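The block underneath contains the structure these notes are about, expressed in structure tokens.
Just so it is clear, none of the values below were taken in a lab; they were calculated from the coordinates. These numbers were taken from a predicted model, which means no experiment stands behind them. Cβ sites come from the backbone with ideal geometry, for glycine too, and all protein chains shown count toward neighbours.
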Amino acid sequence: MAERSFSKEVQSLRNRDGEIFRGEGVLAVTKALLQSGVSYIGGYQGSPISHMMDVLNDAAEIRRELGVHFENAASEAAAAAMLAASIHYPLRGAVIWKSTVGTNVAADALANVASAGVRGGVLVIVGEDYGEGSSIMQERTHAFAAKSQMWLLDPRPDLPAIVAAVEHGFELSEATNTPVMLMLRIRACHVYGSFVAKDNRPGQYNAHHPLEQAVFDYNKVVLPPSSYQQEQLKITERWPRALRFISTNKLNQSLPGDYVDIGIIVQGGIYNALNRSLEILSLADALGNSKIPIYLLTVTYPLIPEEIRAFCAGKKAVLVIEEGQPNYIEQSIKADLHGTGIDTQIHGKNLLPTAGEYKTRILITGITRFLNGATPAGVSLATMESAQQQATREISDSQTALEFPVPARPPGFCIGCPERPLFSALKLVQQELGEFHVSGDIGCHLFSTLPPFNIGQHTVGYGLGLASSSGLAPNFAKPLISIMGDGGFWHNGLTSGVANAVFNGDNGVLLIVDNGYAAATGHQAIPSTDQARSGNPVQMTIEKAVRGVGAQWVRTIPSYDVKQMVTTLTEAISQSPPGLKIIISQGECQLARQRRVKQAHQEALDCGARALRVRLGIDPDICTGDRACVRLSGCPSLTVKDNPDPLADGPVAVIDNQCVGCGNCGVMAHQAGLCPSFFEATIINNPSWRERTISNVRQWVIGALQGSEPRTR
Amino acid sequence: MDHPDTRPIRIVIGAMGGEGGGLLTQWMADLCESQNFEVRYTYVPGVAQRTGATTYYLETWPNFSEHNTNQSMVCALMPCPGDVDLVLSTEAVEAGRALQAGFITRSRTTVVSSSHRAYAVAEKASPRDVRIDPEYLLSAVAAQCQRLVHFDMAACAAATGSIINAVLFGAVAGAGVLPFSRQAFTASIQRSSVAVAANLAGFDLGFAIASGESKDLPTTITESSPARAQPTTQALAAMKDTFPPDIHDLLRMAMERLADYQDSAYVQLYLNRLQAVLEADRANGGEQHGYTLTRETGRWLVRLMAYDDIIRVADLKTRRQRFARLREEVRANENQIVRVVDYFKPGTDELVSILSPKLAKRVLSFSARTGFGNRGFPIKVKTDTVSGFLALRIIAGLRSRRTRSYRYFKEQAAIENWLRQLLGAARRDYNLALEAAACAGLVKGYGQTHLHSAGRFEAILKKIPQIDASALRTLRETTLDTSA
């Protein structure tokens, strides 16, 4: 079961025609897919669309009723390959992932499907992980769409607009035999709002009404000469049909405004931020009535030259607001207007930052610069500017009111995380043997690169931790340590990492972090997830898999056993026979575990059964406040408090009540020779009469002994 | 806060993982919708949903349906600096973060914030005390906003068995920042059907405090352990005769500590040592400095003299009061049994510290030759059992032998050396002497940590004759920072 349950929310996916649907963006997209009659959906989790995978999993019953097949694909490549279903057959399908990283992985299948073309409508839904809250390199999906000639939708971040984009996307895809990409920015995925629902409809063919006839058409196979013809088709057939469909159905909007001699062209996805900027400048209201005419691009690729020319004609200047780089849209508009006789000044990245998210204040600055240059008729720039100066002064007073920046709160390992002892062990090994080059991977374990661990020199992609060592290892005196999560392992690490290293005879140490789930994205099941917990009929084991591809030196170690981990790591690093040494560090994700344990604990308490709770503590009068423990652990429940001793200076360490009793503090007190302030307390609820008797006797004896403690001399 | 119905109210909710920021946002959305306000909200969950700061952003348009429009409201999806009406913050630094982001401004923003602190990793891990004072943060916020409502909501949550979000929701209602009745708020909690009883309890307390109905603020102050032993009345009288009145309280506590730690002779040794400092203090213009040198030296001297050896640790671990404190800390009630395991890992040097100097040196040189015990001896003691308790009690009983032990001689030599340098410094420059006193703060920890810190302490003392006060200060601070 995933971290977040949508079992309640998915009921609204049954909403009928005319009913108001309320919910978050990803839920609305799912409803839109069901309304569009899809036959299959596939995807791979990753922020910001992880919750959409959870929604689809939790909507199993509704999917079954409608005959919609859903696949929790092994990777984005596997998900994209599902689209082959729509090449020959009138099946509508959708795939979902985090972009641009997921699109990178899916690129091979995507480009092939785009070349062959599709008969059934195909929607590629990408969570554009760009700007604040992103966890990846900052790039645009735009380039992928353009290079494969897929159409790219970037709707307004409001539910009715998003839902319409899904529905139009399928129609556009079928009208042009081309896969359509729909991009949703981070906040749009989570935006809460409402729209008027339609009835769900089953696909033309699906599990209940399967296709009967296999179709063979060599023209759809991506091999010469078909591949040459397909490229021609993209340009001569599909492209013109796309332009026609987009303008006929008015997918882009031209919004009127009083200041007709200027205008703004904007991607739909950042329209709302633009409107707020205009509102603050008194150029629009919160309903979207703008004084400046706006051409809103729901389709950002391809652009419609006629619409752009019509919008620009008669205007002195137009500002193109295009987030990210390169500025494909702006360049394209400039190229298109060239030689048409329209002499409108096209502005864009010359007035706005080339890179980075377009937040409201950035847009305000850009628009002000634009208006100053363009000087449209009827705008009082002086009034606007003095109002802005006042606001700017207040904002800067606030921003400079504190003498120092407040401390950052980067994400880190959770309370009781099984990965913490692993990296503590690695830190101890480094204290003995010196620093190593550690190749990181993608997953929760990458938090090791942050304080207090600072372990992991690079990361180049999901499941690529081991592969990313193979160029450096032979050129490095010490063995390389590579990290890989279980998610990355099944995504591609087994082949690109382990099989690759065995095949090429690479040396080094691979640490596989087996916490039982794709944990960072919210506990989606993976092939090695415990059967009882995943609900899957099969469970594959990592150890069998690596032995199966020829790994010889494999050790599986419970992650909380720091001592054994230190010994094994030291052995793996120093052992002379060359080859790949694999250590599988096992420990269930504590968040997932606690959800189960806490419930069981509560149930036991409710029926009066014996139940244990373990937690660690620190004696404040023994703690000297050196905080070595914090630097070796970083556990959120291990923190500091004012020293209760008036004679002491500085705070003491304290373990708060969120402690889940993983025991790592005690283990580290031993392994790192910390201090004697740590204790482990086991709280026994509803003890047996025998336990109670023994406890009473102990307390009586100890109490008596304490009573005779020596007093003042 | 005004509520013009020509634009949506903009609300920022700053929370940390595990504080229920998401649930609070849902309550707020449900509340506004129940009163016919139009609502949009969004958030950036970040990489991992469990740690770090998360910002939720909500816009709500009063009486939207009366607008008679077929257009929908355009929500910006992100707060804009200078454009936020209400900031809710679950912790003081998060209010500071909203301030630095420009979300709190004078002409627009009402702030409702908890005044407690949850320390960031940088604050926790630093070897120096770099914690940010919540009063400083909130007074800066107060100066830059329209209205600030703040109190310790973490303490309220703990007192009511709820989490901070419920108390904060109650504070929003109690402070009257939104035009809704109390019942409208509590109805949202009930509709969410998440831990309703606990959340309502938290809500009620938050409401009572924010509305001024109650001035009864729960607090989370921990009491310090009272000393078991008291210095003799003669010793106390002698102290009062000798030392300036300003420092009597401090010295009384120090004397209690040392009486508890060792015996009355040890208390006398402390007073004798400090008297020498007082004389030097007086001779170098101490009176106009308020005898700061005597006070500071007195504060550090008791720390050095009551050094933490295994006798002391065993003593503290077996006290009646410790058992009580421990039960309270783990929130155990009378019907529950609490089992206790203590983790020790004494090194050879710590074990031999109770032997005579001669014997200790022989064991240490054996250990140095053979590597015996150089990784320490990990021990787990079940202190709640009679045998575990007795074992520790016996070690604690070695207190009578302490003044003849190897460790005692070592510590006293270090203390004498420190006092010598300090007194020498006092003759040159008063501030230098103060810095020299503060060097005692370098000594920390147990085992290897303690050995290294004692080494650094000794090394820095050697430098005192050659440098001035500011150089010594810099040196001390860098030594502390690099010891991490």
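The table for this structure:
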{"quantity": "Chain A - mean residue ellipticity at 222 nm from DSSP helices (-39,500 (n - 2.57) per run, n ≥ 4, rounded to 500)", "calculated": "-10500 deg cm²/dmol"}
{"quantity": "Estimated distance in nm for a label pair at A:Val222 and B:Leu390, the labels positioned 7 Å out from Cα along Cα-to-Cβ", "calculated": "7.9 nm"}
{"quantity": "Chain A: relative contact order as a whole-number percent, Cα under 8 Å and 6+ apart", "calculated": "10 percent"}
{"quantity": "Pairwise centroid distance, computed over Cα atoms, of segment A:645-713 with segment B:107-143, Å", "calculated": "32 Å"}
{"quantity": "Sites matching trypsin sites (Lys or Arg not before Pro) across segment A:112-173 that sit in DSSP coil, with at most 13 neighbouring C-beta atoms within 10 Å", "calculated": "none"}
{"quantity": "Convex hull (Cα only) mean projected area of segment B:310-404, reported in nm² to one decimal", "calculated": "7.0 nm²"}
{"quantity": "Tensor-based shape of segment A:541-624 (alpha-carbon gyration tensor, a/c under 1.5 rounded, otherwise prolate or oblate)", "calculated": "oblate"}
{"quantity": "Ranked list, fewest to most other Cβ atoms within 10 Å of each Cβ, for B:His452, A:His347", "calculated": "B:His452, A:His347"}
{"quantity": "Stretch in chain A that is longest and holds no chymotrypsin sites (Phe, Trp or Tyr not before Pro) that DSSP places in a loop and that have at most 16 other beta carbons within 10 Å", "calculated": "A:217-475"}
{"quantity": "Cβ-based exposure ranking for A:Thr392, B:Thr6, in which fewest neighbours within 10 Å come first", "calculated": "B:Thr6, A:Thr392"}
{"quantity": "Added length on full extension, which subtracts the Cα-Cα distance from 0.36 nm per residue, A:Asn686 to A:Ile235", "calculated": "154.8 nm"}
{"quantity": "Intensity falloff of chain B expressed as log10 I(q)/I(0), Debye formula with alpha-carbon point scatterers, at q = 0.07 Å⁻¹", "calculated": "-0.57"}
{"quantity": "Nitroxide proxy distance, nm - points 7 Å out along Cα→Cβ at B:Thr242 and B:Arg404", "calculated": "2.7 nm"}
{"quantity": "Rg to Rh quotient for segment A:610-686, alpha carbon positions, Kirkwood Rh", "calculated": "0.99"}
{"quantity": "Segment B:9-211, dipole about Cα centre (Lys/Arg Cβ +1, Asp/Glu Cβ -1), debye to the nearest 20", "calculated": "220 debye"}
{"quantity": "DSSP loop GluC sites (Glu not before Pro) with at most 10 other Cβ within 10 Å: longest gap in chain A", "calculated": "A:404-713"}
{"quantity": "Above-threshold pairs, the threshold being 27 Å between Cα atoms, out of B:Lys410/B:Lys462; B:Lys317/B:Lys444; A:Lys147/A:Lys198; A:Lys563/B:Lys358", "calculated": "A:Lys147/A:Lys198; A:Lys563/B:Lys358"}
{"quantity": "Total formal charge among the other residues, if their Cβ is under 12 angstrom from that of B:Gly96, Lys/Arg +1 and Asp/Glu -1", "calculated": "-2"}
{"quantity": "For chain B: relative contact order, % (alpha-carbon pairs under 8 angstrom, 6 or more apart)", "calculated": "10 percent"}
{"quantity": "Percent RCO, i.e. relative contact order, over segment B:9-211, from Cα pairs under 8 Å lying at least 6 residues apart", "calculated": "20 percent"}
{"quantity": "Distance cut-off 59 Å, percentage of C-alpha pairs in the protein assembly as shown lying past it", "calculated": "23 percent"}
{"quantity": "Total formal charge among the other residues, if their Cβ is under 14 angstrom from that of A:Asn507, Lys/Arg +1 and Asp/Glu -1", "calculated": "+1"}
{"quantity": "Part-to-part distance (alpha-carbon centres) for segment A:98-172 and segment A:296-375, which is given in Å", "calculated": "22 Å"}
{"quantity": "Share, in percent, of DSSP beta bridges within segment A:419-592 that are antiparallel, nearest 5", "calculated": "5 percent"}
{"quantity": "Using a Förster distance of 22 Å, the FRET efficiency for A:Met137-A:Thr495 (Cβ separation, nearest 0.05)", "calculated": "0.40"}
{"quantity": "In segment A:233-390, lysine pairs with alpha-carbon atoms under 21 angstrom apart (chain gap of 8 or more, or interchain)", "calculated": "9"}
{"quantity": "Chymotrypsin sites (Phe, Trp or Tyr not before Pro) within segment B:345-402: DSSP coil, no more than 12 neighbouring Cβ in 10 Å", "calculated": "B:Phe372"}
{"quantity": "Ellipticity estimate at 222 nm from DSSP helix runs (n ≥ 4, -39,500 (n - 2.57)) divided over chain B, nearest 500", "calculated": "-16000 deg cm²/dmol"}
{"quantity": "Additional length obtainable on full extension of the chain from A:Glu19 to A:Ala609, 0.36 nm per residue less Cα span", "calculated": "207.7 nm"}
{"quantity": "Proxy reagent accessibility, fewest Cβ within 10 Å first, across B:Met239, A:Met384", "calculated": "A:Met384, B:Met239"}
{"quantity": "Label-point gap, in nm, between B:Thr233 and A:Asp108 - each point 7 angstrom along Cα→Cβ", "calculated": "9.2 nm"}
{"quantity": "Span per principal axis, largest first, for the Cα atoms of segment A:188-306 (Å)", "calculated": "61, 37, 24"}
{"quantity": "Stokes-Einstein D in µm²/s, Kirkwood radius over Cα pairs - chain A at 25 °C with 0.890 mPa s viscosity", "calculated": "84 µm²/s"}
{"quantity": "Segment A:111-160 shape via C-alpha gyration tensor axes, a/c threshold 1.5", "calculated": "oblate"}
